[in-house]
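Read the structure below first, then the notes.
Values in this text are rule-based calculations from the coordinates and carry no lab data. Please read these numbers as outputs of a predicted model, since none were measured by experiment. Reconstructed Cβ throughout: ideal geometry from the backbone, glycine too, with neighbour counts over all protein chains shown.
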Amino acid sequence: MTYTSTSTSTFTRTHTATYLADVILGSIADILGSVGIDTTRLFADWDTDQHAIGEWIKEGSLSCVALECHQPSGRVDPIVEFPVSYSGTGEGDRKFTADRAALAVYMTKMKRVPAGTTYRLFCTYNGAHSDQPGWGPATRAATSGMRSFSFGTLAAAPHASAHLRYYTN
């Protein structure tokens, strides 16, 4: 008698969306702590933000999540962007990977911000996107004239990946 064995792995965009939303928000928390901004509000809004970012990744409409640090002087510095890119089939990288250790080293180069600095989160889109509670239209600060550094891929999963760009004066 001959026996055969088969196995199937299924990765859905839902798993990818949840994973990338958590990596992005976790990285934002790490960055805020590193530059000296209180994370209380971030953690208070975590579930709402994680759900919204996850939904936009799942529908493929999220282009970028941006963290802006607004200093008491009116200066916006630094700005950290998390661009999201999508692959059509999810057949590429079947693993979930994140480079949080490299981010920890990268954060040691970020300057601390003055006391009283606050932050804002923004999302940009590839086109039509669903409305999500807690999120609405807003205007981002300009990055022209700022120095830009690319961290590269922060996290990758089937269907999508998140990257990181850092802007400073």
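Take every Cα pair under 8 Å in the chain that's 6+ residues apart, average their separations, divide by the length, and report that relative contact order as a whole percent. Please report the intermediate quantities before stating the final value.
Values: 283 pairs, mean separation 54.3, N = 169.
RCO, the chain: 32 percent.
Kindly write out, for region 68-76 in residue order, the coupling ³J(HN,Hα) from the Karplus curve 6.51 cos²θ - 1.76 cosθ + 1.60 (θ = phi - 60°), rounded to whole Hz, with x marking Gly and Pro.
10, 9, 9, 7, x, 6, x, 5, 10
Amide H to amide H under 5 Å from LEU154: which residues, 5+ apart in sequence or cross-chain, H placed 1.01 Å off N in plane?
Residues meeting the amide H criterion: ALA162, HIS163, LEU164.
Could you compute the net charge surrounding ALA102? Neighbours are other residues with a C-beta less than 14 Å from the C-beta of ALA102; K and R count +1, D and E count -1.
Once all neighbours under 14 Å are counted, the net charge is 0.
Using a 10 Å Cβ count of at most 16 others and DSSP loop calls, identify the longest part of the chain lacking such trypsin sites (Lys or Arg not before Pro).
By the stated rule (loop sites, at most 16 other Cβ atoms within 10 Å), 1-74.
Can you sort VAL105, VAL35, VAL80 by how many other beta carbons sit within 10 Å, fewest first?
VAL105, VAL35, VAL80
At what distance in nm do the modelled label points of THR143 and ASP47 sit from each other, each positioned 7 Å from its Cα along Cα→Cβ?
The answer from the label model is 3.2 nm.
In whole Hz and in residue order, list the ³J(HN,Hα) couplings for region 26-37 that follow from phi through the Karplus curve 6.51 cos²θ - 1.76 cosθ + 1.60, θ = phi - 60°; x for Gly and Pro.
x, 5, 4, 4, 4, 5, 4, x, 5, 8, x, 9
So if each residue of separation counts as 0.36 nm, and I subtract the Cα-Cα distance between ASP131 and ARG75, what length gain in nm does that give?
Details: separation 56, 0.36 × 56 = 20.16 nm, distance 2.99 nm.
Full extension of this stretch gives 17.2 nm more.
Per-residue HN-Hα couplings for region 124-134, Karplus 6.51 cos²θ - 1.76 cosθ + 1.60 at θ = phi - 60°, whole Hz, x for Gly and Pro?
In residue order, the calculated couplings are 10, 10, 8, x, 4, 8, 6, 6, 10, x, x Hz.
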